[in-house]
Every structure is written in structure tokens, then in C-alpha cells.
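Trainee: Submitted below is the structure of interest, expressed as C-alpha cells.
The values are calculated or read from the model by the stated rules, or taken from the named source; none is laboratory data. From a predicted model like this one, the values you see are computed outputs, not experimental measurements. Every residue, glycine as well, gets a Cβ built from its backbone with ideal geometry; the counts of neighbours run over all protein chains shown.
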Amino acid sequence: MWTDVLKLVDTKKVRKILKARGCVKIDAKGSHEIWTTPGGLSDTIVGGEAAQSPGLLRNIQSVFEAEFGPKWLEKELQK
């Protein structure tokens, strides 16, 4: 079950968290940015938006969970 932590989050904060985890932006198409983990997992954020939606945050957390561990994004947002 998802907690209240994954609310609307500022795009700059999401980028900062991804960079701190060693992720790099590998491509951008329109307002969408593709980010890759050091292990090669990839997912998309909507860079043209001021904030990232809870659904997109859950997707990022789920896709990168294999490399960063369970609820890694929720833990980062609670810091």
C-alpha cells in the first residue's frame, strides 16, 4: 500500500533525488525526460511540469525498486 508521502512533488526535487542516487538524464522528448540508474534501469519524468504526480512517482519508485530497494523514493522524500 502506498503512503501519503507520494503526493505532488516539485520536479526539481525529483531531479535532485535521482542525481543523488547516481541517475543520469539520457534523453528528452518534448517535455519528457528519460532517466537511467547506474545499473541501467530507465524511466520517464515529465520535465516540463512544475511538479510530478503521485502516479508518476509510484511508477518511478516501482521501476527503480530493483536497484534502490523497497520504498526508496518514499524514504528519500521523508528526509
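Trainee: May I ask you to list pairs of residues, at least six apart or on different chains, whose Cβ atoms are under 8 Å apart, with the first in region 4-31 being under 12 Å from residue 45 (Cβ atoms) and the second being exposed (fewer than 12 other Cβ atoms within 10 Å of the Cβ) and at pLDDT 90 or above?
Mentor: 10/50; 11/50; 23/38
Trainee: Taking residue 75, is it in a strand (DSSP E or B), touching a Gly at 6+ places or on another chain (Cβ under 9 Å), charged (D, E, K, R) and without any contact (Cβ under 8 Å) to a residue 60 or more places away in the chain? Quick ask: steps written out before the conclusion?
Mentor: Numbers: in a strand (DSSP E or B): no; touching a Gly at 6+ places or on another chain (Cβ under 9 Å): yes; charged (D, E, K, R): yes; without any contact (Cβ under 8 Å) to a residue 60 or more places away in the chain: yes.
Answer is no for this residue.
Trainee: Against the definition (of a type in the set (D, E, K, R), over 12 Å from the mean Cα position of the chain (by Cα) and surrounded by fewer than 18 Cβ atoms within 10 Å (Cβ to Cβ)), how does residue 10 come out, yes or no? Please lay out each step first, then the result.
Mentor: Values: of a type in the set (D, E, K, R): yes; over 12 Å from the mean Cα position of the chain (by Cα): no; surrounded by fewer than 18 Cβ atoms within 10 Å (Cβ to Cβ): yes.
In short, no.
Rundown of residues vs (1) surrounded by 13 or more Cβ atoms within 10 Å (Cβ to Cβ); (2) basic (Lys, Arg); (3) modelled with pLDDT of 95 or more, yes/no style:
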| site | (1), (2), (3) |
| --- | --- |
| 15 | yes, yes, yes |
| 27 | no, no, no |
| 30 | no, no, no |
| 54 | yes, no, no |
| 67 | yes, no, yes |
